[in-house]
1. Check CYS86 against each of (1) touching an Asp or Glu at 6+ places or on another chain (Cβ under 7 Å); (2) closer than 30 Å to GLY157 by Cβ and name the one condition it does not meet.
2. Does the stretch 261-283 contain any residue that is farther than 20 Å from ARG321 by Cβ and either at pLDDT 95 or above or acidic (Asp, Glu) (or both)?
3. Only residues that are open to solvent by less than 10 Å² (accessible area, probe 1.4 Å) and under 15 Å from the mean Cα position of the chain (by Cα): list them for the stretch 325-354, please.
4. May I ask you to verify whether ALA172 is closer than 24 Å to GLY72 by Cα and in a loop (DSSP other than H, G, I, E, B)?
5. Filter the stretch 36-58 for residues that are over 24 Å from ILE140 (Cα atoms) and not charged (D, E, K, R) and give the result.
6. Quick one: in the stretch 393-434, which of the residues that are small (Gly, Ala, Ser) and assigned to a helix (DSSP H, G or I) is most open to solvent (accessible area, probe 1.4 Å)?
7. So how many residues does the stretch 278-311 have that are crowded, with 17+ Cβ neighbours inside 10 Å and among the charged types (D, E, K, R)?
8. Under 7 Å between Cβ atoms, at least 6 apart or on separate chains: pull out the pairs that start in the stretch 249-261 with a residue that is hydroxyl-bearing (Ser, Thr, Tyr) and end on any residue that is in a helix (DSSP H, G or I).
Amino acid sequence: MKKSLVKELEKRLGKSSVLISEGDRALFSYDAAYGEKVLPDIVVFPENKDDLQFVINLMSENEIPIITRGAGTNLSGGTVPVSGGCVLVTTKMNRILEINEKDHYAVVEAGVVTKQLADKVEEYGLFYPPDPGSMSISTIGGNVAENAGGLRGLKYGVTKDYVMGVKLFDMAGNEVIGGGKTVKLVTGFNIPGLMISSEGMLGIMYEIILKLVPKPATSKSMLVEYSSVIDACNTVSEIIASKILPSTLELMDNFTINAVEESEKIGLPVKADALLLIEVDGHPAVVEDEFIMVKKICEKNKGYVKVADNNEERDNLWTARRKALSCLARLKPTLILEDATVPRSKIPDMMKAIKENASKYNITIGTFGHAGDGNLHPTILTDKRDEDEFRRVEKAIDEIFEKALLFGGTLSGEHGVGLLKAKYMEIEVGKGTIIFMKKLKNGIDPKNLLNPHKMGL
């Protein structure tokens, strides 16, 4: 990085917002995925729209790639700076600009933490449902770029269902505005839709308008213990078939249960082959009716139901689920969290395939996930330094994806493609789709400076 360019950035942003030492840059050479680390040439932290535009213009003039990054919680290598360049971190652009009680929307900067927004809107009796597992640190801009999901996706949908509008800059420094604050808006192309799942390859968002909904009046939770994971999966299918939509319907297998209990000591049944964590919410009368119906379905499928009688018990249930990843991560040096997603009716088949896969390759896999929407998280525990084991792990991952596609599913329900799943893209979407995406990328970013070489493009 030219010294003159560094000085320009330091003059505009301040020295504390421009990182150039190797040690500092190393912290931004990787994300939450297991892939390789690549040092960026520089890391910058703009604090407002004008600073952001300044950085983009400077990088564009010097043909330096920009990799936009929020909290770095993405799990597909999407923010690894494979071509070096400038990692542009949005975490200082973290203001909630507006919460509109009458029209039910919020306007936020890209660096606002997801949970910060969710907690704030509840003070107004409103609700922002998307709740990725990393919501206590992940940022809204990253959520949009990766189309983050979460535990409440079954009933409430994912990030894409709440994005009403975006403001962004393209790589030429042009301001682009898409969508707005109205429920209906068909002026021009669907630019917000284009930015969802774009992984920072088409533009750099700085402001986002999000739909809010009324906060549910009440909720009720239960933990259901099973001696067979297949019985648990069959329960999920039957609940969905009964046309009940719980707000949350989560699955944990025995290995995951034990990992969480060993760490958190919250009284989980460690001998259970699987657990379902279920919550229904809404109007009190509806909640009571649906809760009774769900309980009957669970018991019919050989589930032992424990109802959360108070807030402390409810919080323990959801702590168990939200801690699953971190508790598994303690067990081995390398953790590979996948998100193969299948139609809900195929969950029993997918769980069986994962179990057979672990046995075939003699590897350890703990599985948990959003069973209600078919989004499973087979989590492989390994050590990349063990070359023989890691070769088996890579073969196992290939087969997990093959099975997901065979069952009519997808490579990724919420983690994105990034680097790690790029080689599978054409298998799922076809050659024509890849060509189309490349044309779109080349038209918007002809010099390929926005997060280059992701998704296989």
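1. (2)
2. Yes, the stretch 261-283 contains a residue that is farther than 20 Å from ARG321 by Cβ and either at pLDDT 95 or above or acidic (Asp, Glu) (or both).
3. ILE336, ASP339, ALA340
4. Considered against the rule, which asks whether it is closer than 24 Å to GLY72 by Cα and in a loop (DSSP other than H, G, I, E, B), ALA172 comes out as no.
5. Passing the criteria: VAL38, LEU39, LEU58.
6. Looking at residues that are small (Gly, Ala, Ser) and assigned to a helix (DSSP H, G or I), I get GLY432.
7. 4
8. THR256/ALA324; THR256/LEU328
The values are calculated or read from the model by the stated rules, or taken from the named source; none is laboratory data. Note that this is a predicted model, so its numbers are computed, not measured. A quick note on method: Cβ atoms are made from the backbone with ideal geometry, for glycine too, and the neighbour counts reach across all protein chains shown. The area values use the complete protein model at the heavy-atom level, side chains included, leaving out ligands, DNA and RNA. Shrake-Rupley method; radii C 1.70, N 1.55, O 1.52, S 1.80 Å.
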